[in-house]
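**Student:** Dropping a structure here in structure tokens format, bear with me for questions.
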Amino acid sequence: MSNNFQFLKKVDSNLFDIISDAEKLYKDEYFEQCMAQTRRFGEQICKNMMEQNNRPTGSFDEMLATLKDKSHGYAQEKEFIDDLYFLKKNGNQAVHSGKVKQDAITALECLKRSFETAISYCVYNQGASSDILKLNYDVELLITDKKSKKTLKEKYEEAKNSQKILKQEYKQEKQKENQLINNKKISFIKNLSFFWKMIISLSVISFSSVILLIILGYIANMH
């Protein structure tokens, strides 16, 4: 079975097994369990780093605090620690939640954060090739076990084009709607114009009739 963490297998088979189980849990729609497993993954990475530097392991919180204190302020260190905190927080919530939320979005984000954490761990702590820094988490591979044939750039362009099409369709619909409104306005004005023409015509006829009656009455009185 293919997964996104093959690069980790040669570096640390135990970590590979832990996170592979997390991906399996996700595919089987056990999202809370998946998040709990990614938390376990993050904690094990911390433990490995503590042991590697001859530091006490302690709780996940304590190990994260130590990593934060000993960091040198580099961007990759900050991102690495932030990802571990994210895994701890959401893993804890999943374990202690009273209800099953089926939170697939957060579970997927946990897997992606685990992926970034694994890459940093391999390159900056285990001396793995920096080539793996170019890797991106493949959701299609996670779901179907088949690696996506499209590059990240191609996916981005595809999404961008889809947005363009949606905007064009929206614009066309608005134009049709505005045209319909304008047609109704024109029709209303035409009908209103006809109405006033009729009123004016009838008024002229009525006025002319009154004048004619007055003239006829005047002529009659003369005789």
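**Student:** Tell me the per residue accessible area of region 75-149 using a 1.4 Å probe; a whole number in Å² is fine. All intermediate terms of the calculation are to be shown ahead of the outcome.
**Tutor:** Numbers: 4380 Å² over 75 residues.
So region 75-149 comes to 58 Å² accessible per residue, rounded to a whole number.
**Student:** Given a Förster distance of 41 angstrom, what is the FRET efficiency for GLN44 paired with LYS99, based on the Cβ-Cβ distance and rounded to 0.05?
**Tutor:** Working: r = 28 Å, r/R0 = 0.67.
So, using R0 = 41 Å, E works out to roughly 0.90.
**Student:** Right, another one. May I ask for the net charge around LYS78, where only other residues with Cβ less than 14 Å from the Cβ of LYS78 are counted and Lys, Arg are +1 while Asp, Glu are -1?
**Tutor:** Working: positive: LYS68, LYS70, ARG113; negative: ASP69, GLU77, GLU79, ASP82, ASP83, GLU116.
That works out to -3.
**Student:** Further question on the same structure: Determine, at each q value in 0.15, 0.17 (inverse angstroms), the log₁₀ of I(q)/I(0) that the Debye formula gives when each Cα of region 1-57 is one equal point scatterer.
**Tutor:** So the normalised log intensities are -0.46, -0.57.
**Student:** In sequence order, what are the phi-derived ³J(HN,Hα) couplings for region 71-79 according to the Karplus relation 6.51 cos²θ - 1.76 cosθ + 1.60 with θ = phi - 60°, rounded to whole Hz, with x for glycine and proline?
**Tutor:** For region 71-79, the Karplus curve yields 6, 9, x, 6, 4, 5, 5, 4, 5 Hz.
**Student:** Remind me, relative contact order of region 1-141 in percent, using alpha carbon pairs under 8 angstrom and six or more residues apart? Mind dumping the intermediate values first?
**Tutor:** Working: 153 pairs, mean separation 45.4, N = 141.
The normalised contact order for region 1-141 reaches 32 percent.
**Student:** Continuing with this model, one more query. Under the 0.36 nm per residue contour assumption, what length would be gained going from the current alpha-carbon distance of ASP61 and LEU216 to full extension? Don't skip to the answer; put the middle values down first.
**Tutor:** Working: separation 155, 0.36 × 155 = 55.80 nm, distance 11.15 nm.
Extra length from ASP61 to LEU216 when fully extended: 44.6 nm.
**Student:** Another question, if that's okay. Using the alpha carbon gyration tensor of region 99-142, what are the three equivalent-ellipsoid semi-axes (square root of 5 times each eigenvalue), largest first, in whole Å?
**Tutor:** 26, 12, 5
**Student:** Below 8 Å between Cα atoms, with a sequence gap of 6+, how large is the relative contact order for region 47-119 in percent? Walk me through the numbers on the way to the answer.
**Tutor:** On the way: 31 pairs, mean separation 20.8, N = 73.
Worked out over region 47-119, it gives 29 percent.
**Student:** May I ask you to evaluate 6.51 cos²θ - 1.76 cosθ + 1.60, the Karplus curve with θ = phi - 60°, for each residue of region 53-58 and list the ³J(HN,Hα) values in order in whole Hz, giving x for glycine and proline?
**Tutor:** Using θ = phi - 60°, the values come out as 9, 6, 10, x, 6, x Hz.
**Student:** Suppose we take every Cα in region 30-107 and form the convex hull; what volume per residue is that in Å³? Intermediate results must be reported in sequence, preceding the final value.
**Tutor:** Numbers: hull volume 6.3 nm³, N = 78.
Value for region 30-107: 81 Å³ per residue.
**Student:** So what are the ³J(HN,Hα) numbers for region 6-13, from phi and the Karplus equation (6.51, -1.76, 1.60; θ = phi - 60°), rounded to whole Hz, Gly and Pro as x?
**Tutor:** In residue order, the calculated couplings are 4, 5, 7, 4, 6, 7, 7, 5 Hz.
**Student:** Using r as the Cβ-Cβ distance of LEU133 and LEU180, and R0 as 41 Å, what FRET efficiency do you calculate, to the nearest 0.05? Don't skip to the end; give the middle numbers.
**Tutor:** Numbers: r = 54 Å, r/R0 = 1.33.
For R0 = 41 Å, the calculated efficiency reads 0.15.
The values are calculated or read from the model by the stated rules, or taken from the named source; none is laboratory data. The structure presented is a predicted model; accordingly, all values stated were derived computationally and were not measured. Cβ atoms come from the backbone with ideal geometry, glycine included; neighbour counts cover every protein chain shown. Calculation scope for accessible area: heavy atoms of the full protein, side chains included, ligands and nucleic acids excluded. Shrake-Rupley method; radii C 1.70, N 1.55, O 1.52, S 1.80 Å.
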